[in-house]
Amino acid sequence: MGEKVEVSFYLLDIVFKQKENRPALCLYGKTSSGKKICIVEENFLPYFYAEPIEIEDRERLKKELLALKVPFKEGDAVIHSVEEIEKKLLGSKKSLLKIFALAPSYIPFLKRELDAHPKIKKCYEFDISFIYRYLIDKNILPLALLHATGEWIPEKSKVPVFLAKSITPTEETTSDLQIMAFDIETYSKTKVFQPEKNPILMIALYGKDFRKVLTWKKYSTQLDYVEFAENEKEMLIRFKDLLKEHLPDLLIGYHSDGFDFPYIKTRAEIHNVDMDLGLDYSDLTIGRSSSSACIAGLPHIDLLRFIRHNLRTLETETFTLNAVASEILGEKKKEVDIDALSLVWDGEAEKLDQYCEYNLHDAHLTYQLAQRILPHMIELSGLVGLPLFDINRVSSSRLVENFIMRRMGQFKELIPAKPSYHENQERRSLTYEGAYVHEPKPGFYRNVAVFDFRSLYPTIITAHNISPYTFHCSCCKDKGLVPDTQYWFCREKDGILPSLLEELILRRIRVKEMLKSDKNNLLLQARSESIKLLSNSFYGYLAFFGARWYSLESALSITSYGRHYISQVIAKAQEAGFDIIYADTDSVFINLNERKTEDASEFVQEINKKLPGFMELDYEDTYKTGIFVAVKKGHAGAKKKYALFSESRNKLKIRGFETIRKNWSKLAKEVQQKVLEILLKEENKEKAFDYVRKIIFDIQTKKIPLKKMIISTHIQKSIESYEAVGPHVAVARRMQEKGIPMGPGSIVKFIITSGEGMLRNRARPPEEVKEGDYDAEYYINNQIVPAVNSILSVVGYTEEDLLKSNEQSDLS
DNA sequence: TTTTTGCGGGG
DNA sequence: GTGTACGCAAAAA
């Protein structure tokens, strides 16, 4: 003890702790041999800037400030020290006072006091979280290798604690992380989860060379990974101890912010068990409204949150573990009757094996998903400098913001404050014109060429130097305005945001270049994706009401340029004799008619010759066939709703047809898909029409199996509180009468049966319906016709044609 | 058309 | 906690 030593470690997590007289940062990390340690940094103080009114007597002002006492809780918030410093605000120099304090929580109080101080004009950078401030100022990246000198100190902790005298960052980072995935199963006889009432039955853990399912119902099993606890309380304690024993670098769950951890916390409170999972024995905390489960020193990753926010490239519409795992891993959840778990638990414990397997399999899927997704999170973390815990949870606007904040130092520019509540409200209420959408003429088309601008908004920002820093400069007023506005941006000096964005675009070009010779390099792919995600978020960021660098003028100018360029392409295409079918934001759909693709290619090249900066029009593809439909009422073309067939890729591109959703029967979805396929791939409208006629005939003659007729709907509120009793509510009430509780969140599956009277009296749960006993009329008129009507009317069939009585014999 | 509510994910 | 952190779509008004 007491001897000066050196340690090197990779930074995994960072936690702030207010010590008696000083703020401390606990840097949790692992050494190159994988050992976990905690390095305490006490040499960094929180601060903000204050701009004095006159440059009169600085020394006197400093003394005055140092003597200030601002009431704070039981004591006083005081200023620890003051330094003089130069910074820029929108390019103009400011000489400022850097005000240090001994606690981050003093900062808002001191700031408020100085705002009211007669000798202080304005305060800056008072709303940057202490941890980010530290990472930014010390230029430390998460997962970076750090060297520290200091000494080991005794402290209550699950890992050795080291008090640092100095910390030096390096450029080296690690991506080799030991992860542990977990999942719980709970008692519930309905869809409604009641952690206050119903216990946790199982907890699965899956790590490298480690798998375990904890449960507390003893039954005979051959599964070597099942471990029994006396009761739920002992199981929770065992879970805690296993984490302490294994100390993974990251703990991974799926919807664990919103479900598993809140559930665990509630159950632990009931049993009076401390959920002191933190490496410093601090409790698991659940953030209130944006609910995130946080463990000191052990970053908790909820994959669902990252996937929902930042992995929108997935095809899937829903983000259930099953859907996401089958798309990313090609593997599904284990099929068990989860509804029966509680009954089995109560009465047939010998059948619990399948649920233990199910539980472990979910943890395993989560583990595998983490292996795929972590490279993306790690790349993003390195790019914008946010720790993995935050990368997991922030929106793309905050990614952009942190990226910019980190780079502000090099420009010596001040970081603007977050908007006040009032500004926020004001910004929310402002709207402006968005992208251009050209209304399509409904119809069936052949040879549809699609052009689109590659990264339209990012390239507009860089090509036209759009940013709050270049807005209305004094030098370029007479050099031209943004189309359809009175605004201009500097043409002489590079704006900070456009130059950062340009750097990103160039970096991505380099990464893509490297990928050409190393196609399967997942890390490079993740890097390219991360840069793309960040670049594409700049425009949205400028228009985001909560942004520090909010600039309505910039956002509005970007969309204005966007409309300008797309309209230009449309006009020139028409000049060149092409017919425009449709256009939306950054893409134009052209009817090639008898023209060759070479003509279109040439046209695109001509356009590209005149585009500034990185702007570029891509010839995306030529689609063999395409359908654009009309809006429900009227003859106008529906926007953002079309289907195209790419012969070269042998793939349908279907957009905006919304029947791929709930409360449509499987049959309706199937029929819609099939009709589009026949029309686009086979170009046989008679066959499509006959197909639908055949389906209608089959419905009438009761040949369709019941399971395709099931409609599922979500129950929104308690069954009693519905005033309008729709079919789903009626069915839910019947189920409840039969002893199956129904509440918000329950999914009701029902079939409309034949007979007279109101729908709600004819809706039945599928198990009560005999094969063939569905209401043919209802399914034809409310499911099939709406699904295909707009499509078939494009090729000349009306609703009446579809519903004409089935006398022709060729159909049967 | 504008405002309010409530789901998503999880068993 | 360098406070006051969702976002969208359907239902209701």
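The values are calculated or read from the model by the stated rules, or taken from the named source; none is laboratory data. Just so you know, these numbers come straight off a predicted model, no measurement behind them. Cβ sites come from the backbone with ideal geometry, for glycine too, and all protein chains shown count toward neighbours. When the accessible area is computed, the model is the full protein with side chains, heavy atoms only, and any ligands, DNA or RNA have been set aside. Shrake-Rupley method; radii C 1.70, N 1.55, O 1.52, S 1.80 Å.
In whole percent, how big is the carbon plus sulfur part of the accessible area of chain A, probe 1.4 Å, protein atoms only?
So the carbon and sulfur contribution to the accessible surface is 48 percent.
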What are the semi-axes of the equivalent ellipsoid of the stretch A:340-444, taken as the square roots of 5 times the eigenvalues of the Cα gyration tensor, listed largest first and rounded to whole Å? 45, 27, 18
Taking only the alpha carbons of the stretch A:69-218, the radius of gyration and the largest Cα-Cα distance, Dmax, both in angstrom, are 24.7, 73
Trypsin sites (Lys or Arg not before Pro) restricted to the stretch A:618-696 and DSSP loop, no more than 13 other C-beta within 10 Å: A:K632, A:K633, A:R649, A:R661, A:K662
Loop only by DSSP, 14 or fewer other Cβ within 10 Å of the Cβ. Give me the trypsin sites (Lys or Arg not before Pro) in the stretch A:9-66 that pass, ordered by residue number. A:K19, A:K35
Given the pairs A:K479/A:K516; A:K596/A:K694; A:K63/A:K493; A:K441/A:K596, which span a C-alpha to C-alpha distance of over 32 angstrom in this model? A:K479/A:K516; A:K596/A:K694; A:K63/A:K493
How many percent of Cα pairs in the stretch A:494-542 exceed 15 Å? 46 percent
In vacuum, with every alpha carbon of the stretch A:308-362 counted as one equal point scatterer, what does the Debye formula give for log10 I(q)/I(0) at q = 0.30 Å⁻¹? Two decimals, please. -1.16
Whole-number D in µm²/s for the stretch A:559-608 (Stokes-Einstein; Kirkwood sum over Cα pairs; 37 °C, 0.692 mPa s): 294 µm²/s
Sequence-distant lysines (8 or more away, or on other chains) whose Cα lies within less than 17 Å of A:K512: A:K532
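Between A:E84 and A:S33, take the C-beta separation as r, use R0 = 45 Å, and let me know the FRET efficiency to the nearest 0.05.
0.50
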Which of the aspartates and glutamates could a cross-linker bridge to A:K334, judged by Cα under 17 Å and excluding same-chain residues fewer than eight apart? A:D183, A:E185, A:D353, A:E357, A:D362
Take the alpha-carbon centre of the stretch A:386-413, take the same for the stretch A:265-308, and report the distance between them in whole Å. 24 Å
Using +1 at the Cβ of each Lys and Arg and -1 at the Cβ of each Asp and Glu in the stretch A:154-200, identify which of A:T174, A:Y187, A:P160 lies farthest towards the dipole's positive end. A:Y187
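Calculate, for chain A, the solvent-accessible area per residue in square angstrom, rolling a 1.4 angstrom probe over the heavy atoms of the protein chains. Walk me through the intermediate numbers first.
On the way: 38540 Å² over 812 residues.
Solvent-accessible surface per residue comes out at 47 Å².
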At 222 nm, what value in deg cm²/dmol follows for chain A if DSSP H runs of at least 4 each add -39500 (n - 2.57) and the sum is divided by all its residues, to the nearest 500? -11000 deg cm²/dmol
Counting pairs of alpha carbon atoms under 8 Å apart in space and at least six apart in sequence, what relative contact order in percent does chain A give? 10 percent
Over the Cα atoms of the stretch A:593-686, how large are the radius of gyration and the largest Cα-Cα distance (Dmax), in Å? 17.1, 51
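If A:K332, A:K441 are ordered by their accessible area, calculated over protein heavy atoms with a 1.4 Å probe, which sequence runs from highest to lowest?
A:K441, A:K332
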In whole angstrom, the spacing between the Cα centers of the stretch A:640-713 and the stretch A:775-793 equals 11 Å
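Exceeding 22 Å between C-alpha atoms, which entries from my cross-link table qualify? They are A:K17/A:K73; A:K73/A:K265; A:K351/A:K707; A:K702/A:K770.
A:K73/A:K265; A:K351/A:K707
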Rounded, prolate or oblate: pick one for chain A, where a ≥ b ≥ c are the square roots of the eigenvalues of its C-alpha gyration tensor, a/c under 1.5 means rounded, and failing that, prolate if a/b is larger than b/c, else oblate. oblate
Using a 1.4 Å probe and ignoring any ligands, DNA or RNA, find the accessible area of A:K804 and quote it in Å² to the nearest 10. 120 Å²
Based on the Kirkwood radius over alpha-carbon pairs, what value in µm²/s does the Stokes-Einstein equation return for the translational diffusion coefficient of the stretch A:185-301 at 37 °C and 0.692 mPa s? 221 µm²/s
Quick one: how many lysine pairs does the stretch A:111-175 have with C-alpha atoms less than 22 Å apart and a gap of 8 or more or different chains? Give me the count, please. 5
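Could you list the trypsin sites (Lys or Arg not before Pro) in the stretch A:442-542 that lie in coil according to DSSP, counting only those with at most 14 other Cβ atoms within 10 Å of their Cβ?
A:R454, A:K477, A:K479, A:R491, A:K493, A:K519
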Taking amide hydrogens as modeled 1.01 Å from N in the peptide plane, which residues meet the under 5 Å criterion relative to A:Y487, leaving out close sequence neighbours? A:V482
